[in-house]
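The values are calculated or read from the model by the stated rules, or taken from the named source; none is laboratory data. Computed from a prediction, not measured in an experiment: that's the story for all the values here. Don't worry about glycine lacking a Cβ; one is built from the backbone with ideal geometry, like all the others, and counts go over all protein chains shown. For the accessible areas, the whole protein counts, side chains as well, though only heavy atoms, and no ligand, DNA or RNA atoms are used. Shrake-Rupley method; radii C 1.70, N 1.55, O 1.52, S 1.80 Å.
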Amino acid sequence: MERATQAQQFLDDKLIWMPDHLQREIGQFNVFPLFSTPSNKVNCQPYNRKGFYKISVLKGHTKFSYADKSLEFMDSALLFSNPNIPYSWELLDEEQTGYFCVFTEGFFNHFGNINDYPVFKPGNIPLFELNIEQQEEINTIFKKMIAEIESDYFYKYDAIRALVFELIHLALKLNPISSNPVDDSNASLRITSLFAELLERQFPIESPRQQIKLRYPIEFAENLSVHVNHLNRSLKKITGKTTSQFIAERIMQEAKSLLQHTDWNISEISWCLGFEELPHFINFFKKAETSTPKHFRNRHL
């Protein structure tokens, strides 16, 4: 225990002397090499690290899936993903090499809105096949990122931001890979699974300053790159419930939990659950529970 305390004190001391801008950037960006072999095969399961964007360059025959779409490339490709669209890839070759970096939206505060770029917008195909020259150019950029992050250069994160923007602008000059529809029997199941994951990522709510970002079917459909009618049909086919029912039930579940297990006032809970006006939350709650939030809390205290 004493050793752990000493280690923490050492870390705290280091942070005290670290420049403010470096303290802010730590944890907001990182970059890694990727190497997969038959004995150490890497298949990316649905990526769901909350709040993180990701850019990957992959070499090796790979199948990439997101929402109800399936994309495949034979040699190398550049992949962009935002934290609201789960995806996965499956390596079809014996080996795969590449790099990837992850970063938060806050990493670009005061440097523009990362969500404004088409490569991160829902509905756009985020995968770009590369020729040999493009692959070498992008690999060089990732190697520069690694060199910068390992350096003691005072403005290294500014340099890294410039390299990320360089990747984005290179992609904007390329044509995305054409997508193939997933077999209909699997598409509904995939859409339902990804919708459920996207919904559940917003919970639990752990602070009165935390607000859910997605509350309406159209918002989920946009983030999953599908038409809202397609999302509704898929959920109805797999679960028998509509998108609105699914969302309402999960919000209601969280509302009851917050009313029972926190001392937050009802206005705070209402805001956290995406209701800008308190009367809308009260009406929503009464419709499902036949009592007001206040009566429910009093009954369960």
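Brief remarks on what is shown
Condition check ((1) surrounded by fewer than 14 Cβ atoms within 10 Å (Cβ to Cβ); (2) at pLDDT 80 or above; (3) basic (Lys, Arg)) across all residues:
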{"site": "ASP184", "(1), (2), (3)": "yes, no, no"}
{"site": "SER188", "(1), (2), (3)": "no, yes, no"}
{"site": "LEU194", "(1), (2), (3)": "no, yes, no"}
{"site": "GLU200", "(1), (2), (3)": "yes, yes, no"}
{"site": "PHE203", "(1), (2), (3)": "no, yes, no"}
{"site": "GLN210", "(1), (2), (3)": "yes, yes, no"}
{"site": "LEU214", "(1), (2), (3)": "no, yes, no"}
{"site": "PRO217", "(1), (2), (3)": "no, yes, no"}
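- Filtered by the rule that a residue be within 18 Å of GLN245 (Cα to Cα) and part of a loop (DSSP other than H, G, I, E, B), the range 195-211 gives ARG201, GLN202, PHE203.
- For the residues ALA221, ALA147, the requirement of being under 20 Å from the mean Cα position of the chain (by Cα) and either over 30 Å from GLN253 (Cα atoms) or open to solvent by less than 70 Å² (accessible area, probe 1.4 Å) (or both) singles out ALA221.
- Residue that is among the β-branched types (Val, Ile, Thr), assigned to a loop (DSSP other than H, G, I, E, B) and out of contact with any Lys or Arg (no Cβ under 8 Å at 6 or more places or on another chain), where the choices are ILE177, ILE191, ILE141, ILE168: ILE177
- Here LEU214 meets each of (1) closer than 25 Å to LYS121 by Cβ; (2) part of a helix (DSSP H, G or I) with one exception, condition (2).
- Some residue of the range 230-240 being open to solvent by less than 50 Å² (accessible area, probe 1.4 Å) and either part of a loop (DSSP other than H, G, I, E, B) or free of Cβ contacts under 8 Å to residues at least 12 places away in the same chain (or both): yes
- Pairs linking a residue in the range 26-41 that is closer than 16 Å to VAL57 by Cβ and small (Gly, Ala, Ser) to a residue that is modelled with pLDDT of 75 or more and not in a strand (DSSP E or B), with Cβ atoms under 7 Å and 6 or more positions apart or on different chains, are SER36/GLU95.
- Residues located in the range 141-158, provided they are in contact with a helix residue (DSSP H, G or I) (Cβ under 7 Å, 6 or more places away or on another chain) and hydrophobic (A, V, I, L, M, F, W, C): ILE141, MET145, ILE149
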